[in-house]
Amino acid sequence: MYLLRVIRLRILGDVNSHCASILVFSSLLNIIGTGAFTSITVIFLLQAAELSAHGIGTGLAASGVLGLAISSQTPLLINRIGARHSLLLITAISGGAAFSYIAVQGLASLIVVTTIAIAAQRAGAICRLVIITREFSSEQRVVIRAQLQVAANAGFGFGAILGAGALALGTFEAYGFIISLNALTYLVTWNLLRGLPGDGIEKSSSIRLALRDINFLFVSICGAISGMHNAILSTAIPLWLARSTGLPKPLAAILFVLNTAIVLLLQVRVARNVDSLSAARLMHRRVGVILVFACGLISLTRIEPSSLAISILLLACIVYTWAEMCQSSAAWRIAFDLIPTGAAPAYHSTYSTISSLGSLIAPAVMVYLLEASSRWGWLVIGFILAAACWLTSFAARQNSTRVA
């Protein structure tokens with residue numbers, strides 16, 4: 001018991017708020033199911049739903065765009081029934097969508113179910129951010145957000161292991177079990193979320209207010225570009241290993257595990273150091289330099305012998321992970337601190353939508369830059385990310401002056 005308590009405190013920090021505990025542990029449970037299902041999604045759709053690879057790609061891409069557009073209207077729902085009731089409703093919808101995958105047959109049904117699932121997932125994230133903004137002080141919000149990130153990483157990793165077991169069996173029954181498990185996690189999560197504090201009676205600003213806030217939009221766009229670094233581990237490095245080096249391709253999985261382990265152990269601690277908007281701006285400037293260094297290290301991994309190249313790649317992964325944790329913590333702080341009082345739903349929705357757009361195009365950008373200029377592509381990627389980090393810092397200063 002003592003060991004478990006030490007691990008819990010080390011990874012999640014001291015979650016001494018009832019509201020924070022509900023948010024963190026409901027997310028952990030929920031994402032276990034999501035991780036398990038994500039691991040089997042493509043194979044399940046190929047084998048059980050009788051879809052082609054082209055159809056799956058088209059369906060998921062269309063669903064991503066539609067889901068993002070629908071979730072951008074979340075502030076309207078929050079303004080009408082409150083963040084807590086919205087989150088409960090969205091969680092119930094998510095559970096229904098998760099179970100509906102078992103009946104997917106054809107492209108049309110895939111787009112409908114996946115659009116609902118993606119829209120609900122993004123809308124639920126916005127509701128959680130609004131609740132965090134309402135229930136916690138400025139000093140606590142970034143730490144709680146970091147705890148949610150750690151819970152997401154841990155839950156997704158454990159869920160992926162469950163999904164791998166289903167893939168090893170390769171039967172419809174195994175896939176059905178994972179789909180049912182995913183839906184069940186939403187049911188249990190819904191029950192946990194009922195314990196959240198009730199919604200206060202307050203009028204929230206229209207989403208048009210955030211869209212007219214040019215300075216905030218500029219911060220959001222720069223933040224989305226700097227956040228495109230998330231595609232480095234998932235897309236850029238696997239492509240680099242496959243096309244440009246003689247290093248073993250399974251290294252990509254090893255780097256992902258290393259990244260996850262570091263984030264689990266250190267993300268909350270890093271977030272605690274970003275205790276002000278000025279600290280977040282300074283962190284962004286430092287992250288730009290670190291990202292250039294990490295990308296420069298990766299560009300060197302064509303060298304011989306391969307053992308040296310592997311060592312450099314592992315070092316680059318550690319450096320990159322440190323930049324990732326710092327950039328995430330700083331971005332959370334900026335997003336929370338620049339939101340005017342009473343406008344959390346509209347501003348969080350706007351920031352989340354722009355960030356999600358960045359995430360959608362990041363893999364394509366990484367692939368294009370690496371294909372276009374090979375080794376130099378890494379330095380181009382690094383300097384683009386660094387420029388976005390510095391612009392984010394500058395824009396946040398302009399906004400902080402205006403808000404003050």
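The values are calculated or read from the model by the stated rules, or taken from the named source; none is laboratory data. Because the structure is predicted, anything quoted here is derived from the model rather than measured. Neighbour counts run over all protein chains shown; Cβ positions are idealised from the backbone, glycine included. With ligands, DNA and RNA removed, areas are computed over all heavy atoms of the protein, side chains included. Shrake-Rupley method; radii C 1.70, N 1.55, O 1.52, S 1.80 Å.
Against the condition touching a residue at least 60 places away in the same chain (Cβ under 8 Å) and either closer than 30 Å to I214 by Cβ or within 18 Å of the chain's Cα centre (by Cα) (or both), how does I298 come out, does it pass?
In short, no.
Please find, among A346, A330, the residue that is open to solvent by less than 10 Å² (accessible area, probe 1.4 Å) and over 28 Å from A261 (Cβ atoms).
A346
Given the condition without any contact (Cβ under 8 Å) to a residue 24 or more places away in the chain and under 19 Å from the mean Cα position of the chain (by Cα), answer yes or no: does some residue in segment 335-358 qualify?
no
Answer yes or no as to whether A183 is assigned to a helix (DSSP H, G or I), buried (at least 24 other Cβ atoms within 10 Å of the Cβ) and not polar (S, T, N, Q).
Considered against the rule, which asks whether it is assigned to a helix (DSSP H, G or I), buried (at least 24 other Cβ atoms within 10 Å of the Cβ) and not polar (S, T, N, Q), A183 comes out as no.
Scan I43, I111 and give me the residue that is modelled with pLDDT of 85 or more and more than 18 Å from the chain's Cα centre (by Cα).
Answer to the selection: I111.
If Y368 passes every condition in (1) touching a residue at least 24 places away in the same chain (Cβ under 8 Å); (2) open to solvent by 50 Å² or more (accessible area, probe 1.4 Å); (3) not small (G, A, S) but one, which one does it miss?
Tallying (1) touching a residue at least 24 places away in the same chain (Cβ under 8 Å); (2) open to solvent by 50 Å² or more (accessible area, probe 1.4 Å); (3) not small (G, A, S), Y368 fails exactly one: (1).
Among the numbered criteria (1) modelled with pLDDT under 85; (2) β-branched (V, I, T); (3) surrounded by 15 or more Cβ atoms within 10 Å (Cβ to Cβ), which single criterion is violated by T401?
Unmet for T401, out of (1) modelled with pLDDT under 85; (2) β-branched (V, I, T); (3) surrounded by 15 or more Cβ atoms within 10 Å (Cβ to Cβ): (3).
Residue by residue, here is whether (1) surrounded by fewer than 18 Cβ atoms within 10 Å (Cβ to Cβ); (2) without any contact (Cβ under 8 Å) to a residue 12 or more places away in the chain; (3) charged (D, E, K, R) holds:
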| site | (1), (2), (3) |
| --- | --- |
| I214 | yes, yes, no |
| L233 | no, no, no |
| A253 | yes, yes, no |
| A271 | no, no, no |
| M283 | no, no, no |
| I310 | yes, no, no |
| L313 | no, no, no |
| T321 | no, no, no |
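Provide a single number: the residues in segment 285-302 that are assigned to a loop (DSSP other than H, G, I, E, B) and either under 9 Å from A330 (Cα atoms) or open to solvent by less than 60 Å² (accessible area, probe 1.4 Å) (or both).
1
Of these, V188, V150, V142, which one is open to solvent by 10 Å² or more (accessible area, probe 1.4 Å) and hydrophobic (A, V, I, L, M, F, W, C)?
Selected residue: V188, the only one of V188, V150, V142 that is open to solvent by 10 Å² or more (accessible area, probe 1.4 Å) and hydrophobic (A, V, I, L, M, F, W, C).
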